[in-house]
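Data first, discussion second: the structure below is written as structure tokens.
The values are calculated or read from the model by the stated rules, or taken from the named source; none is laboratory data. Keep in mind that this is a model prediction, so the values were computed, not measured. For neighbour counting, all protein chains shown are included, and Cβ atoms are generated from backbone atoms with ideal geometry for every residue, glycine included.
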Amino acid sequence: MKRVLTAAALVPPVAYVVLWGPPWLFLLILATAALLCYYEYSGIAEQFGFGRPGTLGWVAGLALLFIPAEAMMLVLFVAVAALALSMRAGNLAHALPGAALLLMGVVYVFGSWRCAVFLRQVSPYWLFYALVITWIGDTGAYYAGRAFGRHKLASRVSPGKSWEGAVASVIASSIFGVVFLTRLVPTVPLSAAAVLSVVANIAGQLGDLAESAIKRGAGVKDSGSILPGHGGFLDRVDSTLFVLPVVYLYLRAFSANAIF
């Protein structure tokens with residue numbers, strides 16, 4: 001119950017910021033969320049024994065989030081800079097893994113949140129859809145998994161997840177996605193809304209499992225303890241970080257009204 005209450009409490013402020021909040025407030029909240037995610041990611045990454053991602057990650061991440069430049073060139077610069085700075089490592093066997101952890105964190109966290117900026121530019125409804133569809137799916141998976149879960153989905157990565165919960169998650173997200181998009185973004189055909197919602201949900205579940213795999217490899221249970229019933233903030237948005245790029249790619253590929 002604590003898990004559901006926490007998620008429900010987040011919906012009203014998120015709805016206001018995404019749908020009606022002024023641009024400065026949206027960007028401030030977005031930057032705060034991204035920095036918090038990267039802080040928790042850095043704590044997990046440190047447990048692998050190659051050092052904590054340094055200041056370059058924070059600076060490069062904010063640049064990737066806000067600077068209107070070609071993202072690929074910025075990522076290339078971060079990769080080169082991370083490799084150059086890695087030569088300062090006391091143990092040179094840690095140089096490449098340390099640089100890789102830094103670069104992965106920048107792309108994984110800040111790159112995904114950058115997609116949120118693009119989605120809101122197209123329509124606040126698209127961003128709201130990408131955020132809420134993961135919460136709907138998580139809730140469906142949680143309750144269906146507790147009631148009917150018998151077959152493990154990925155026991156080595158996340159023993160508590162079941163195939164029954166995963167299917168319920170897809171169904172719940174698809175129903176929400178179809179209703180939401182066909183009513184509030186009527187240019188999206190029903191079939192496209194259904195397919196996108198299924199793909200986005202699967203991406204979100206993969207994002208959840210990916211973060212679980214990272215934590216298990218690091219020997220960490222939660223990314224933090226900021227949210228009751230959820231652990232850390234990154235634990236709450238791990239699915240979202242995979243969904244945002246999927247929705248962005250859909251608009252990039254199929255929406256004539258999307259300007260990037």
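Conditions (1) modelled with pLDDT of 90 or more; (2) aliphatic (A, V, I, L, M); (3) within 14 Å of S239 (Cα to Cα); (4) not in a helix (DSSP H, G or I), marked per residue:
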{"position": "R120", "(1), (2), (3), (4)": "yes, no, no, no"}
{"position": "V132", "(1), (2), (3), (4)": "yes, yes, yes, no"}
{"position": "R146", "(1), (2), (3), (4)": "no, no, no, no"}
{"position": "L153", "(1), (2), (3), (4)": "no, yes, no, yes"}
{"position": "G160", "(1), (2), (3), (4)": "no, no, no, yes"}
{"position": "S169", "(1), (2), (3), (4)": "yes, no, yes, no"}
{"position": "V178", "(1), (2), (3), (4)": "yes, yes, no, no"}
{"position": "A193", "(1), (2), (3), (4)": "yes, yes, no, no"}
{"position": "Q205", "(1), (2), (3), (4)": "yes, no, yes, no"}
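Considering only residues that are small (G, A, S) and surrounded by 21 or more Cβ atoms within 10 Å (Cβ to Cβ), look in region 116-157 and name the one that is farthest from the chain's Cα centre (by Cα).
So the residue we want is G145.
Filter region 135-166 for residues that are among the acidic types (D, E) and under 15 Å from G204 (Cα atoms) and give the result.
D138
Kindly provide the set of residues from region 24-63 that are more than 18 Å from A81 (Cβ to Cβ), hydrophobic (A, V, I, L, M, F, W, C) and free of Cβ contacts under 8 Å to residues at least 24 places away in the same chain, ordered by number.
If the condition is that a residue be more than 18 Å from A81 (Cβ to Cβ), hydrophobic (A, V, I, L, M, F, W, C) and free of Cβ contacts under 8 Å to residues at least 24 places away in the same chain, then W24, L25, L28, I29 are the ones that fit.
Only one of (1) crowded, with 19+ Cβ neighbours inside 10 Å; (2) farther than 30 Å from L181 by Cβ is not met by W113, so which one is it?
With (1) crowded, with 19+ Cβ neighbours inside 10 Å; (2) farther than 30 Å from L181 by Cβ applied to W113, the lone miss is (2).
Please indicate, with yes or no, whether at least one residue in region 96-105 is farther than 22 Å from F242 by Cβ and modelled with pLDDT under 85.
No: region 96-105 contains no residue that is farther than 22 Å from F242 by Cβ and modelled with pLDDT under 85.
Name the pairs: first residue in region 132-156 and free of Cβ contacts under 8 Å to residues at least 12 places away in the same chain, second residue surrounded by fewer than 19 Cβ atoms within 10 Å (Cβ to Cβ) and in a strand (DSSP E or B), Cβ to Cβ under 8 Å, at least 6 apart or on different chains?
Note: pairs meeting the criteria are K152/P159.
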